[in-house]
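One structure below.
The values are calculated or read from the model by the stated rules, or taken from the named source; none is laboratory data. Since the model is a prediction, treat every value here as computed from it, not as a measurement. As a convention, Cβ positions derive from the backbone with ideal geometry for all residues, glycine included, and neighbour counts pool all protein chains shown. What goes into the accessible areas is simple: the full protein's heavy atoms, side chains included, and nothing from ligands, DNA or RNA. Shrake-Rupley method; radii C 1.70, N 1.55, O 1.52, S 1.80 Å.
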Amino acid sequence: MTESKEIANPNTGFAQVLDAAAKLPGVRINRAAYLRSALRRYCTEEQIERAIAESPAAAGIPLKVITDVANTSITFETSKVTGLSTFAGIPGGLAMIGTVPADLAQYMGHMLRISQKLAYVYGWPDLFADSGEELDEATENLLILFVGVMFGVQIAQGGVSKVAGMVAASVAKRLPQQALTKGVLYPIVKQVSKHLGVTMTKKLFASGVAKSIPLLGAVLSGGLTLSTFLPMTKRLQRHLVSLELTKPGHRSTPVE
């Protein structure tokens, strides 16, 4: 009954999961702090400061270093989300504080964390410039496109590519608000959101089934997460690295 109800309203269901995940502690990544920490072992202080002010590519940081940083972040987030999912599959785990929806929010929270980390290392501006609790609409729509890429939604790849082109061509360190909320990208976001609403419902159901199996629940839940999260993050990484924002010199002058 719950599954059919969610599928009937996929946009609402997915938006609720995304909103709940974005409000979880630690989900929002501070761009400057992340880049400073991630690049410290590879780069000079001058390179790091320029990477923060512009982008790692504009700072002349080699693609191999950027790839190593991205892979380290992927490994970290995959380990964390798999551990949480395994814990949630044990009787008395996350089931005690909200059952399957809490696990799904945690899963989505790590998807948002790795999306931000990969975006920042591959040249995107700060996605959470507004420190308010509510998600900015443009940020929310871009995150929907990122998650769509992770789930293999082809139209989401085109949407992310269009946004990247706009960011690369702009002299402002902001997302293209108009395009993401009212312009040409908005219909794409809505299609991706609808697709993800159905996809998330299926994951919710599968995860619930895994947890219902005594003793094996933890193994199945953790294994399900590992087998989905890692390939999805690599899919997003491959797409982001192909975009103009990763190319040295796409911003050859400091950005005000």
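Among the residues making up segment 162-183, those that are open to solvent by 50 Å² or more (accessible area, probe 1.4 Å), in a helix (DSSP H, G or I) and either among the hydroxyl-bearing types (Ser, Thr, Tyr) or without any contact (Cβ under 8 Å) to a residue 12 or more places away in the chain (or both) are ALA169, GLN178. Are any of the residues in segment 210-225 open to solvent by less than 60 Å² (accessible area, probe 1.4 Å) and at pLDDT 80 or above? Looking through segment 210-225, none of the residues is open to solvent by less than 60 Å² (accessible area, probe 1.4 Å) and at pLDDT 80 or above. Residue-level check: of (1) modelled with pLDDT under 90; (2) more than 20 Å from the chain's Cα centre (by Cα), LEU104 misses just (2). Restricting attention to segment 26-55 and to residues that are over 19 Å from the mean Cα position of the chain (by Cα) and outside any helix (DSSP H, G or I), the residue that is surrounded by the most Cβ atoms within 10 Å (Cβ to Cβ) turns out to be CYS43. Remark: pairs (first residue in segment 106-120, free of Cβ contacts under 8 Å to residues at least 40 places away in the same chain; second residue open to solvent by 10 Å² or more (accessible area, probe 1.4 Å) and assigned to a helix (DSSP H, G or I); Cβ separation under 8 Å; 6+ apart in sequence or on different chains) are absent. Got at least one residue in segment 84-94 being under 18 Å from the mean Cα position of the chain (by Cα) and modelled with pLDDT under 85? Checked segment 84-94: at least one residue is under 18 Å from the mean Cα position of the chain (by Cα) and modelled with pLDDT under 85.
Scanning segment 231-246 for residues that are surrounded by 17 or more Cβ atoms within 10 Å (Cβ to Cβ) and modelled with pLDDT under 90 yields LEU245, THR246.
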